[in-house]
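These notes are about the structure you will find just below.
The values are calculated or read from the model by the stated rules, or taken from the named source; none is laboratory data. Source: prediction; values computed, not measured. So basically every Cβ, Gly included, is an ideal-geometry build from the backbone, and we count neighbours across all protein chains shown. These area figures cover heavy atoms from the full protein model, side chains too; ligands, DNA and RNA do not enter into them. Shrake-Rupley method; radii C 1.70, N 1.55, O 1.52, S 1.80 Å.
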Amino acid sequence: MKAILITAAAVAISVTGPSALAKGNAESGKAKAAQVCAACHGPDGNKPTGPDFPVIAGQHADYLKRALVDYKSGKRNNPIMKGFAATLSNQDMEDLSAWFASQPSKLVSRR
Ligand code: HEC
């Protein structure tokens, strides 16, 4: 099954080209996170600096990206995150989502 999925993904990439599937770069996300997000969520999203700040490590990248898009648009209403999301480009969101998604979460042991 896994092999089928990998093959399907490879086919999808070769058909659509990598740019259509442009996903975040976790390494540049790490650098961006260290500058801004770490102050509340911790550098890896695992060490929130207070009980009001969610753990975002290990969350699905799509979920994180969606949250950031919705904060920016106001669809998800939070005055704190709106301010930070407003400064992020689409690529920033992809990179940050890739970074935090790649970090093992302390909430669940799935790795
Ligand atoms: C000043 C503190 C602060 C900073 C800095 C901050 N956040 Fe947040 N973040 C919060 C708070 C508070 C929430 C919870 C908001 C809510 O209830 O929707 C949150 C929520 C989130 C969520 C949604 C989590 C979930 O489970 O739905 C994501 C994703 C997120 N932040 C990403 C980031 C990213 C990426 C950055 C850096 C660009 C960042 N945050 C910077 C305070 C902060």
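Which pairs turn up if I take residues in the range 35-55 that are closer than 17 Å to residue 107 by Cβ and without any contact (Cβ under 8 Å) to a residue 24 or more places away in the chain and look for partners that are more than 8 Å from the ligand (Cβ to nearest atom) and basic (Lys, Arg) with beta carbon separation below 6 Å, at least 6 apart in sequence or on another chain?
Going by the 6 Å Cβ cut-off, there are no qualifying pairs.
Restricting the search to the range 64-82, which residues are more than 14 Å from residue 99 (Cβ to Cβ) and not aliphatic (A, V, I, L, M)?
Those that are more than 14 Å from residue 99 (Cβ to Cβ) and not aliphatic (A, V, I, L, M): 66, 70, 71, 72, 73, 74, 75, 76, 77, 78, 79, 82.
For the structure I just gave you, tell me whether residue 109 is farther than 13 Å from residue 24 by Cα, modelled with pLDDT under 95 and either among the hydroxyl-bearing types (Ser, Thr, Tyr) or surrounded by fewer than 20 Cβ atoms within 10 Å (Cβ to Cβ) (or both).
Answer is yes for this residue.
Applying the selection to the range 56-91, what residues are touching a residue at least 12 places away in the same chain (Cβ under 8 Å) and on the phi > 0 side of the Ramachandran plot?
58
Quick check on the range 20-58: of everything there that is near the ligand (Cβ under 6 Å from one of its atoms) and open to solvent by 40 Å² or more (accessible area, probe 1.4 Å), which residue is nearest to residue 94 (Cα to Cα)?
Within the range 20-58, the match that is nearest to residue 94 (Cα to Cα) is 36.
Output the number of residues of the range 71-99 satisfying the condition of being of a type in the set (D, E, K, R) and near the ligand (Cβ under 9 Å from one of its atoms). First the steps, then the outcome.
First, pick out the residues of the range 71-99 that are of a type in the set (D, E, K, R): 72, 75-76, 82, 92, 94-95.
Now restrict to residues that are near the ligand (Cβ under 9 Å from one of its atoms): 76, 92.
Qualifying residue count for the region: 2.
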